[in-house]
C-alpha cells in the first residue's frame, strides 16, 4: 500500500504543477526596459517590438551597414550601437518608408561622432523586386533595412500606438 500512496501523491503533484498558472513570460532579449521601444539585435539581424520586458509581435529580419556596426563617422557604412530617440514614420523616395533614429546623440557629437540621416527603412527602390532576398546581405550605409514596405509600416504603426520613443541597437 505505501507504494500506491507514493504513486497517487506523485500523480497529484504532477497534475497540480501542470495546472498551475505559468509565471508571466519575459523575453530576455527585450531586457528590463519597461517603456515601449524597438530593439535591434545587430548580430542576429532582428528587430523586435518590446514593451514591459516582453516581445510584442513578430521578430523582423533586418540588414545593417555594409561595414557592420559601431558607427562613429559619416560615410563609414556602419550601423550605430546604443540607445537613440525614435522619430515618426514618414515617406521616403529612395526607400518607401523611413523611421528616423536620433544618431548621433548630443554626447556622441561631443565625442566627435559625425553623421546623420540614420533610420529604419524599407528596401531600396532599385532592388525592391528582390523581395526578401535583399536581406541576404548587409547593404545599407548604416541604417536598419527591412525587406518589405509593409513591415516598416507595421513597425511605425506599432511605435505610434504604443508611444515608443526609443530604439536600442545592441550587438
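For the structure I just gave you, tell me whether residue 163 is within 24 Å of residue 59 (Cβ to Cβ) and either out of contact with any helix residue (DSSP H, G or I) (no Cβ under 7 Å at 6 or more places or on another chain) or modelled with pLDDT of 95 or more (or both).
Details: within 24 Å of residue 59 (Cβ to Cβ): yes; either out of contact with any helix residue (DSSP H, G or I) (no Cβ under 7 Å at 6 or more places or on another chain) or modelled with pLDDT of 95 or more (or both): yes.
So residue 163 passes the test.
Given the condition touching a helix residue (DSSP H, G or I) at 6+ places or on another chain (Cβ under 9 Å) and touching a residue at least 40 places away in the same chain (Cβ under 8 Å), answer yes or no: does some residue in segment 101-110 qualify?
So far as segment 101-110 goes, no, none of its residues is touching a helix residue (DSSP H, G or I) at 6+ places or on another chain (Cβ under 9 Å) and touching a residue at least 40 places away in the same chain (Cβ under 8 Å).
Taking the stated definitions as given, is residue 90 exposed (fewer than 14 other Cβ atoms within 10 Å of the Cβ) and in contact with a strand residue (DSSP E or B) (Cβ under 8 Å, 6 or more places away or on another chain)? It would help to see each step written out before you state the result.
Values: exposed (fewer than 14 other Cβ atoms within 10 Å of the Cβ): yes; in contact with a strand residue (DSSP E or B) (Cβ under 8 Å, 6 or more places away or on another chain): yes.
Criteria met by residue 90.
So residue 155 fits all but one of (1) in contact with a strand residue (DSSP E or B) (Cβ under 7 Å, 6 or more places away or on another chain); (2) modelled with pLDDT under 90; what number is the exception?
Failed condition: (2).
Search segment 133-152 for residues that are part of a loop (DSSP other than H, G, I, E, B) and pair each with any residue that is at pLDDT below 90 when their beta-carbon atoms are under 6 Å apart and the residues are at least 6 apart or on different chains.
Within 6 Å, the pairs are 147/123; 147/132; 147/134; 147/135.
Can you find, within segment 96-112, the residue that is farthest from the chain's Cα centre (by Cα) among those that are under 16 Å from residue 73 (Cβ atoms) and assigned to a helix (DSSP H, G or I)?
Checked segment 96-112; the qualifying residue farthest from the chain's Cα centre (by Cα) is 110.
Residues are listed down the side, and each one gets a yes or a no for (1) modelled with pLDDT under 95; (2) within 20 Å of residue 157 (Cα to Cα); (3) surrounded by fewer than 18 Cβ atoms within 10 Å (Cβ to Cβ); (4) touching a helix residue (DSSP H, G or I) at 6+ places or on another chain (Cβ under 7 Å):
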{"site": "34", "(1), (2), (3), (4)": "yes, yes, yes, no"}
{"site": "38", "(1), (2), (3), (4)": "no, yes, no, yes"}
{"site": "48", "(1), (2), (3), (4)": "no, yes, no, yes"}
{"site": "58", "(1), (2), (3), (4)": "no, yes, yes, no"}
{"site": "69", "(1), (2), (3), (4)": "no, no, no, no"}
{"site": "85", "(1), (2), (3), (4)": "no, yes, yes, no"}
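Exactly one of (1) within 15 Å of the chain's Cα centre (by Cα); (2) surrounded by 15 or more Cβ atoms within 10 Å (Cβ to Cβ); (3) modelled with pLDDT of 95 or more is unmet by residue 43. Its number?
So residue 43 meets the others, but not (2).
Tell me which residues, restricted to segment 140-158, are under 13 Å from the mean Cα position of the chain (by Cα) and more than 21 Å from residue 94 (Cβ to Cβ). Before the answer, list the steps.
Residues of segment 140-158 under 13 Å from the mean Cα position of the chain (by Cα): 143-146, 151-152, 154-156, 158.
The one that is under 13 Å from the mean Cα position of the chain (by Cα) and more than 21 Å from residue 94 (Cβ to Cβ): 158.
Could you list, in sequence order, all residues of segment 158-171 that are touching a residue at least 40 places away in the same chain (Cβ under 8 Å) and not in a loop (DSSP other than H, G, I, E, B)? Explain how you work it out, then say what you get.
Just the residues of segment 158-171 that are touching a residue at least 40 places away in the same chain (Cβ under 8 Å), to begin with: 158-160, 162-171.
Within segment 158-171, 158, 159, 160, 162, 166, 167, 168, 169, 170 qualify.
The values are calculated or read from the model by the stated rules, or taken from the named source; none is laboratory data. These figures come from a predicted structure and were not determined experimentally. Neighbour counts are summed over all protein chains in view; Cβ atoms, including those assigned to glycine, are modelled from backbone coordinates with ideal geometry.
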